Each structure stands twice: as C-alpha cells, then as structure tokens.
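The values are calculated or read from the model by the stated rules, or taken from the named source; none is laboratory data. None of the values given here were measured: they were computed from a predicted structure. Cβ sites come from the backbone with ideal geometry, for glycine too, and all protein chains shown count toward neighbours. SASA here: full protein model, heavy atoms, side chains in, ligands and nucleic acids out. Shrake-Rupley method; radii C 1.70, N 1.55, O 1.52, S 1.80 Å.
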Amino acid sequence: MSQPTAGPTLRPSTEAPTRWRMPYAETPKFLQIETMVTCNAKCPFCPQHEIDRNPNRMHDEMWKKIIDETRGLGITYRPFLQNEPFVDKRMPEIMRYIRKDPTAKIEFNTNGSLMTEKLNAEILDLGIDIMRFSIDGFSEEVYAPSRVGLNYERVKERTTQFLEMWRAGGYDKDCYTEVRMIDMPENRHQHEAYRAYWEPLCDEVLITELYEWPWQSQTEAVRKPCWKMVDAMYIFSDGRCTLCCWDTVERGVVGDLREASVLEVWNSAQYEALRTLLNDGRRELIHLCSKCDAYKNHDFSPYEVHPPRTDVLRAREES
C-alpha cells in the first residue's frame, strides 16, 4: 500500500500582512439620525421590519442636542437610518432647525410614497441638498414584490410631481436628485425603459447592486477595511451610536449621546481602537463586522501601507 506523499513545505511568510491607512475624518462629515424607527414598507431584502427598538420616535431634546453640538462643522445631516424619513411628520421642523446653521446640508433617501404637493413645496423651500428616490421597478407587477406595502402608481406619480416642482421652481440649481433601482433578475428587462422615463426628470439614474446586510448568510469576515466608519456617524432613536447604518440589532454600539457629546463619542478610545482594527483588516475582531462582506470587491489599494519585509529588516539589523 503506497504511503501518502508529503505536501509542500510551508515556510513562514516574510511579508508583513497588508495594512491600510483609511482617511478617517477628524470630525464626522455625515450624521445619520434615526428620528423614527418606523418604515411604511416591508421590503423582503431589508431586515428593517424586524427592528425592535425604543423609543419609536426620537425625543425632540435628543435630535436638537445632536444638531446643536455639531453646528458650524459643515455636517451633512441625514434624518433617517433604516426607516422611511417622511414617516416622521416633524421632518419640516427638523429641517428648519438644521437650516439655522449655514454650513449644514440635508440629504434624504426616500421611497417617495409619502410625498405630497404640500410637503414637496415646504421641504423644497426649506432647502434640500440631496434627494434620492428608491424605486425598484417600472411596473406594478415588478415593483410590488420588492416594495411590499407600497403602491407603484402612487410612488411614480408622487416622485414625478416632486421632480417637476423641483425643476420648475429652479431648485435644481442647489439640489441634486437621483432615482435609483436595485438590480435584480426580476427587473433587469426594465432597465432601459426605466432610464428613458426618469433620466429627463432628475440629475441621475442609478442601477445599484443588491447588498447583503451583516449577519444574514455570511459565515466569516472579509479581510479589508470599510468605508462606513471613515466620515459618518449613525445614531439610534435612543441616542446610542453605532458603527454602521446596517446595524439593525445593536451589535456595533460605540457610545451613548445621553452620556456624552457627539464629538466625545467620535474621538473616544473605543472608536479609535475600532478604526485601528479596520486599518488592519481585522473585521473578525469586531462583533458587528465579523459576519459582513461589505466592500469585498472594492479596491482599497490606494490606502495600503507597505511596511518593510521582515527579512530586509533583519538584514539591516545584522549589517
């Protein structure tokens, strides 16, 4: 009986593992604030409807504290997290409060279903810098299974009305608009018609990939850094801060604004330690990130740091 042959002899690598130096911001450039937990849709690819978090509506004192503590920093405020922003009827009031800071910007991602002529006029007058509409189809049959609970014709009509008011009122000089569709096999045949309808109405039409939320089917981490922590901060309705907008069940909590300021959390030792781990590509050591493959195909090479090889260092020491 023949004996199994030995495999190749493996020698320890003399190459240091890849590291990155991501361009972390000294102060956050984006604040994503969960003013409401609720969403009016139950999209099958989104775990938002599984969230069980209180309060459902962020207290006025909390969102005002967040804005007050970051005035003058040139922040782009996103008054939503995993929810539909316009479920919160206070949104014009929140926008008005943000607009007291001339350096601030306001950005929305919406499904468009709750837009009305009155709301459109009010928020356009208050000033929106970026408005994105998510519409995953170009017919009721294709749209309905992916945006459960919403009516396609109503969404199309209301989004069209907003964009017509945006253009006719001259708001297109200061406000960027985008209509986006998640690319899925069910809607691929509609891409051309979708672009033909929406491109004349808005600044850009985007067909984007369907991403997988952390802790869905992933079994291991990707050895790469991540963009989510570079310049953005994400705040739950109760004032706790998390590493990522995809954290639905509070696996990545890094601070609490009931006990600290926005900048104290951003500059905390805990945040800095997590940035260092991501610079090392050590997602497996961060609970939330340990089962996440976000940016797995992204090229981070411009941020690579190449330490000298250990054999070169040894030769220098011996010389």
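Summary of computed values
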quantity: Out of L163, L126, L73, L114, sole residue that is more than 19 Å from the chain's Cα centre (by Cα), surrounded by 21 or more Cβ atoms within 10 Å (Cβ to Cβ) and of a type in the set (A, V, I, L, M); calculated: L163
quantity: Any hit, segment 147-160, residues being among the small types (G, A, S) and either over 24 Å from I33 (Cβ atoms) or within 20 Å of the chain's Cα centre (by Cα) (or both); calculated: no
quantity: Residue list for segment 199-232, filter: over 18 Å from the mean Cα position of the chain (by Cα) and outside any loop (DSSP other than H, G, I, E, B); calculated: E204, V205
quantity: Near pairs, Cβ below 6 angstrom, 6+ apart or cross-chain, from segment 134-148 (in contact (Cβ under 8 Å) with a residue 12 or more places away in the chain) to any residue that is open to solvent by 30 Å² or more (accessible area, probe 1.4 Å) and not acidic (D, E); calculated: S134/R180; F138/A193; V148/K42
quantity: Residue within segment 237-248 that is charged (D, E, K, R), outside any loop (DSSP other than H, G, I, E, B) and either in contact with a helix residue (DSSP H, G or I) (Cβ under 7 Å, 6 or more places away or on another chain) or within 23 Å of E26 (Cβ to Cβ) (or both) present; calculated: yes
quantity: Residues satisfying the stated conditions in segment 265-288, i.e. under 15 Å from C241 (Cβ atoms) and open to solvent by less than 40 Å² (accessible area, probe 1.4 Å); calculated: V265, W266, S268, Y271, L274, R275, I286, L288
quantity: Complete set of residues in segment 129-139 that are surrounded by fewer than 16 Cβ atoms within 10 Å (Cβ to Cβ), closer than 26 Å to K42 by Cβ and in contact with a strand residue (DSSP E or B) (Cβ under 6 Å, 6 or more places away or on another chain); calculated: none
quantity: Residue match in segment 64-78 (condition: outside any helix (DSSP H, G or I) and farther than 20 Å from S261 by Cα); calculated: no
quantity: Index of the failed condition, Y194 passing every other in (1) more than 29 Å from L124 (Cα to Cα); (2) open to solvent by less than 40 Å² (accessible area, probe 1.4 Å); (3) out of contact with any Asp or Glu (no Cβ under 7 Å at 6 or more places or on another chain); calculated: (1)
